[in-house]
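Participant: Pasting a structure below so you can have a look.
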Amino acid sequence: MITSAYIHIPFCKTICSYCDFCKYYYRKEQIIPYLDSLQKEIKERYQGEVLKTIYVGGGTPSSLSLEELTHLLEILSIFSKEDNYEYTVECNIENITEEKVSLLAKFGVNRISLGVQTFQEKYLHFLNRKHTKQEVFTKIQMIKKYIANINVDLIYAIPGETIEDLEDDLNCLLQLDIPHISTYSLMIEEHTLLYNQKVENISEELDAKMYEYIGRKLKGYNHYEISNFARPGFESKHNLTYWNNLEYYGFGLGASGYIGDIRYTNTRSLEQYQKGKREYQKEKLSLKEKMENEFILGFRKKEGVSLSSFEKKYHKNPLQWDFVQKLLQQGLLQNQKGNLMIPERYFYISNDILLQFLDVAEMIEG
């Protein structure tokens, strides 16, 4: 059953040097035609389910003008929401205003996710971010007057960054007293400015030290997912939809969705999308792929994968597999209260553990 929807707004006033998401420079003449195409897609695909979460990402949704943002929120009013819903909109510091936050709150948005990334001018310039440290503090205090549930994204492992630099950023985050923090190691991806400039990632050793330091520094938060920290009750319900391998809609340019056995991704071509030629990729998942996804996504969470839920879905008991018993003996996995999980101290090497779940022939035969 579908209980979540992701909506993509691809427009940005500036393009970050590290971004490989689907994005276009903001051009006013393109906005309303895009929103009209988005509305058409939603009306055709949405089947009236009562949603637990709505997430509007980008791009930069807050780059829209007040009038354009109103039009978007009116379009999204079509969604039925359960009483305890979560409705998130991504915003950038430089183009979020009190008028926009007030408007978001009026339409029922109750969570804001802010792309801060760093508080230090030299790294802001490197990432091509256009705000200042003072603006972050000022804007977040303003947002709190309307919406209490705030996430801030932090990027670390920036070339040249030291542990002391990271400590300064984390101290700023703690001063802001926000309920949710997402931390991401900078990865140099193809089709980005940093990749074209031949910038290289920092050493894996320093990256690991920074990751471990973040965990110690944010020990007052629940480290509930590999990259995410939350005060109790403020865990991201929408992202848990992904990590619990549940179904969700994806609307808009480049958006991905998961419905039934089908994972789909929309085109990144604005021209094709506006012609109604939306789907770029569509794949029916095999039993093998669905089980692999259950582990790949579920092991991102501190609580891991529910053994009873897995057995109910797939009629398999992972505890019967020899390689799982070996990982348990090595301490790389734990079985706690019926959940199979990676201990927090091994979060950083989780990919190495997950590799052992990608050949699932034994699972299917076992």
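The values are calculated or read from the model by the stated rules, or taken from the named source; none is laboratory data. This is a predicted model, so every value here is computed, not measured. Neighbour counts run over all protein chains shown; Cβ positions are idealised from the backbone, glycine included.
Okay, residues lined up against (1) part of a helix (DSSP H, G or I); (2) under 19 Å from CYS91 (Cα atoms); (3) without any contact (Cβ under 8 Å) to a residue 24 or more places away in the chain; (4) not polar (S, T, N, Q):
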residue	(1), (2), (3), (4)
THR138	yes, yes, yes, no
ILE143	yes, yes, no, yes
TYR146	no, yes, no, yes
ASP168	yes, no, no, yes
ILE181	no, yes, no, yes
LYS198	no, no, yes, yes
LEU206	yes, no, no, yes
LYS209	yes, no, no, yes
TYR242	yes, no, no, yes
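Participant: Hey, could you check segment 139-154 for residues that are touching a helix residue (DSSP H, G or I) at 6+ places or on another chain (Cβ under 7 Å) and of a type outside the set (Lys, Arg) and say which is nearest to THR118 (Cα to Cα)?
Facilitator: Just the residues of segment 139-154 that are touching a helix residue (DSSP H, G or I) at 6+ places or on another chain (Cβ under 7 Å), to begin with: 139-140, 142-143, 146-147, 150, 152, 154.
Retained after the next criterion (residues that are of a type outside the set (Lys, Arg)): 140, 142-143, 146-147, 150, 152, 154.
Values: ILE140: 14, MET142: 19, ILE143: 19, TYR146: 24, ILE147: 22, ILE150: 16, VAL152: 10, LEU154: 6 Å.
Here the answer is LEU154.
Participant: Would you say GLN134 is under 28 Å from ASN110 (Cα atoms), part of a helix (DSSP H, G or I) and out of contact with any Leu (no Cβ under 9 Å at 6 or more places or on another chain)? Give the steps one after another, and end with the answer.
Facilitator: Numbers: under 28 Å from ASN110 (Cα atoms): yes; part of a helix (DSSP H, G or I): yes; out of contact with any Leu (no Cβ under 9 Å at 6 or more places or on another chain): yes.
Judged against the criteria, GLN134 is a match.
Participant: Name the single residue that is farthest from the chain's Cα centre (by Cα) among those in segment 154-164 being buried (at least 18 other Cβ atoms within 10 Å of the Cβ) and outside any loop (DSSP other than H, G, I, E, B).
Facilitator: Selected residue: TYR156.
Participant: Being of a type outside the set (Asp, Glu), at pLDDT 95 or above and buried (at least 20 other Cβ atoms within 10 Å of the Cβ) is true for just one of SER236, SER227. Which residue is that?
Facilitator: Checking each option against the conditions leaves just SER236.
Participant: Take the residues in segment 27-67 that are hydroxyl-bearing (Ser, Thr, Tyr) and buried (at least 20 other Cβ atoms within 10 Å of the Cβ); name whichever of them is farthest from HIS191 (Cα to Cα).
Facilitator: Initially, segment 27-67 is screened for residues hydroxyl-bearing (Ser, Thr, Tyr), giving 34, 37, 46, 53, 55, 60, 62-63, 65.
With buried (at least 20 other Cβ atoms within 10 Å of the Cβ) added as a condition, the list becomes 34, 53, 55, 60, 62-63.
Working: TYR34: 23, THR53: 31, TYR55: 25, THR60: 18, SER62: 24, SER63: 22 Å.
Per the stated criteria, the residue is THR53.
Participant: May I ask you to verify whether LEU104 is in a helix (DSSP H, G or I) and either more than 19 Å from LYS145 (Cβ to Cβ) or not aliphatic (A, V, I, L, M) (or both)?
Facilitator: The answer is no for LEU104.
Participant: For ASN293, state whether it is crowded, with 18+ Cβ neighbours inside 10 Å, polar (S, T, N, Q) and within 28 Å of THR3 (Cα to Cα).
Facilitator: no
Participant: With respect to ILE15, is the statement that it is at pLDDT 95 or above and either in contact with a strand residue (DSSP E or B) (Cβ under 7 Å, 6 or more places away or on another chain) or surrounded by fewer than 18 Cβ atoms within 10 Å (Cβ to Cβ) (or both) true?
Facilitator: When the stated conditions are applied, ILE15 does not pass them.
Participant: If you don't mind, another one. Got a number for residues in segment 17-40 being part of a loop (DSSP other than H, G, I, E, B) and either at positive phi or in contact (Cβ under 8 Å) with a residue 40 or more places away in the chain (or both)?
Facilitator: Residues meeting the conditions: 6.
Participant: Tell me which residues, restricted to segment 196-213, are farther than 17 Å from ASP168 by Cα and within 22 Å of the chain's Cα centre (by Cα).
Facilitator: Residues satisfying the conditions are ASN201, ALA208.
Participant: Taking segment 117-129 only, how many residues are over 18 Å from GLU200 (Cα atoms) and modelled with pLDDT of 90 or more?
Facilitator: Matching residues across segment 117-129 total 5.
Participant: Let me ask something else. Any residue in segment 44-60 that is in a helix (DSSP H, G or I), more than 20 Å from the chain's Cα centre (by Cα), farther than 22 Å from TYR258 by Cβ and without any contact (Cβ under 8 Å) to a residue 12 or more places away in the chain?
Facilitator: Within segment 44-60, none of the residues are in a helix (DSSP H, G or I), more than 20 Å from the chain's Cα centre (by Cα), farther than 22 Å from TYR258 by Cβ and without any contact (Cβ under 8 Å) to a residue 12 or more places away in the chain.
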